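Take a look at the structure below.
The values are calculated or read from the model by the stated rules, or taken from the named source; none is laboratory data. These figures come from a predicted structure and were not determined experimentally. Don't worry about glycine lacking a Cβ; one is built from the backbone with ideal geometry, like all the others, and counts go over all protein chains shown. The area values use the complete protein model at the heavy-atom level, side chains included, leaving out ligands, DNA and RNA. Shrake-Rupley method; radii C 1.70, N 1.55, O 1.52, S 1.80 Å.
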Amino acid sequence: MADTDRDTVDGAGREPGRGRRWTMLSVLCLSLLMVALDATILNVALPSLIDDLEPDALQQLWIIDVYGLILGGLLITTAGIGDRYGRKRLFLAGVTLFGLASVLAATSDSSAQLIAGRVLLAIGGAMVMPSTLSLIRNIFHDPRERTLAIGVWAAVAGAGAAIGPLVGGVLVEEYGWSAAFWVNIPVVALTLAAGMWLLPEFKDPGHGRLDWVGALLSVAGIIALAWGIKHLAKSGLDVSGVLVLLAGLGLLALFARRQLTQSDPLLDVRLFRSRPFTAAAVATLLAMMAIGAALFLLSLWLQYVHGYSPSQAGLRTLPAALAALAGSLTAPWMMRHAGVRTAMATGLAFMVAGFLVLALSPVPTPYPYIAVVFAALGIGDGLAITTAAAVLVSAVPAERAGQAGAVSETSYELGVGLGVALLGSVHAAVYASHMAGRPSAARESIGQAAELNDPTVLAAARTAFDSALTTTAWVSVGFVAAGTVLVAWLVPKDFTATSAH
């Protein structure tokens, strides 16, 4: 496709020079790293945070997963705002809000304030994330160079989520859990200064007014759907959970129907008629469900079952970050030489293999098994996410890039939130069943069992946590394997990312 004037990033209709393009990418990746870190940085900070704020088991889950659920719900709306009113403007506003929310979270003296801070962080992140991917679509015109840029983008996102526990562990050990939020402030300052100077503005004058009714339907639908799944996973079938889940599905159906009647939709749902486009969204969702849940549960496992300090636990998650980096940077090469279907399916297959290792490992599980799990999940995440993002971005013209970014990052963040909620709840239910007959506090979580200072109860909790991890791994094998087969079926063998549009 030939680029139109609206595809360009400067007023004279010229693409910026190569050096400037990659400098722009570095600014976008810096902000993305900050947002991705925040999705997992609290995993190793949770024990310290529990000791200080004393949240109950439900508050602990919300502190972790409210970020992904709210962020995922808002991405379609914020992408539409950026397309219409300026992607750079939205990006800088989001970075500013992220900084203010970090201060609110860092100074929390109650679980309620911390959850509120996480909600505002999610809103800021939702303004930042679609801007990064859509601006990449505007900055890089050459398809091959753009695919490489997306590979770097995905590497930063995946590695950021994976090194969150390491960064969090070092900061928590030295300065306390609030440092996990204070670390955002210098990144915010640097990103704002560089972004105002370097980044181009882009908005499409052809867009109409924002469909606020559609925006409300999308936000409410995604959040209700996610909450319903989380509630049912934790509490089993009950009336409230089923009603909220059905309400979420109904709201999303209304949203899709409304978009089909709009001349300028927030999300052109006709894109999902493309089987590769749908496969890319599914691959992103499944990959992030797997990596999000695994990082959450295994970070707790490292600290509570093996007794590592936060920084020691974070260091032992490093194989996931290094493997995600390798997978992301390998994906462009694999797409060129083996095709999109092979790259995406291979990424998901690596994840299946990782969960199989976890499911078949002995109890108690030695750390070398977990290192292999981290490496398999990381390389699979890098391959799947990079390939999927390249397909989604290439499927739309530059003026609609916000929609592709919204689909990619809604799947990404919703995947993290749902992975922690769904698989975390499965793990909690199995853990509680193994702790039958123990004190009620010990049945709630291994963290509360540790607070009882009873060696017998703690030993039982460690065994129960490890056993529950095996069951959760088998559940993960099932849904990721099903997703792998689905992706292989949906994507034609000769399909390439550059032919998506």
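Couple of notes before you dig in:
- The range 174-320: C-alpha gyration tensor shape, a/c 1.5 cut-off, then a/b vs b/c: oblate
- Centre-to-centre, using Cα atoms only, the range 369-447 and the range 459-479 are separated by 16 Å.
- Ligands, DNA and RNA left out, the accessible area of the range 78-237 computed with a 1.4 Å probe is 71% carbon and sulfur.
- Dipole magnitude for the chain: computed about the Cα centre from +1 point charges on Lys and Arg Cβ and -1 point charges on Asp and Glu Cβ, it is near 1300 debye.
- 3J(HN,Hα) couplings calculated from phi for the range 185-198 with the Karplus curve 6.51 cos²θ - 1.76 cosθ + 1.60 (θ = phi - 60°) are, in sequence order, 4, x, 5, 4, 4, 5, 5, 4, 5, 6, x, 4, 8, 9 Hz; Gly and Pro show x.
- Per residue value of the accessible surface for the chain (all protein chains in place, 1.4 Å probe), Å²: 36 Å²
- Rounded to 10°, Cα long-axis angle of helix 239-261 versus longest principal axis of the chain: 10 degrees
- From phi via Karplus (6.51, -1.76, 1.60), per-residue ³J(HN,Hα) for the range 66-75 in Hz, x at Gly/Pro: 5, 4, x, 5, 5, 4, x, x, 9, 4
- Computed helical MRE - 222 nm, the chain, DSSP H runs ≥ 4 contributing -39500 (n - 2.57), nearest 500: -26500 deg cm²/dmol
- Helix 18-40 and the longest principal axis of the C-alpha atoms of the chain enclose an angle of approximately 30°.
- From phi via Karplus (6.51, -1.76, 1.60), per-residue ³J(HN,Hα) for the range 317-334 in Hz, x at Gly/Pro: 8, 4, x, 5, 5, 5, 5, 5, 4, 5, x, 5, 6, 7, 4, x, 5, 5
- Here the relative contact order of the range 346-501, from alpha carbon pairs under 8 Å that lie six or more residues apart, stands at 35 percent.
- Measuring nothing but protein heavy atoms, the accessible surface of the range 287-426 at 1.4 Å probe radius is 72 percent carbon and sulfur.
- With K and R counted +1 and D and E -1, the other residues having a Cβ less than 13 Å from that of residue 364 yield a net charge of 0.
- For the chain, diffusion coefficient by Stokes-Einstein and Kirkwood Rh (Cα), 20 °C, 1.002 mPa s, µm²/s: 95 µm²/s
- Surrounding net charge for residue 444, when Lys and Arg each add one and Asp and Glu each subtract one, Cβ distance under 11 Å: 0
- Pairs of Cα atoms nearer than 8 Å and 6+ residues apart set the relative contact order; for the chain it is 23 percent.
- The largest accessible area among 451, 413, 145 belongs to the first residue in 451, 145, 413, and the rest follow in falling order (1.4 Å probe, all chains).
- DSSP loop trypsin sites (Lys or Arg not before Pro) with at most 11 other Cβ within 10 Å: longest gap in the chain: 210-492
- Proximal charge balance of residue 418 [Cβ under 10 Å; K/R count +1, D/E count -1]: -1
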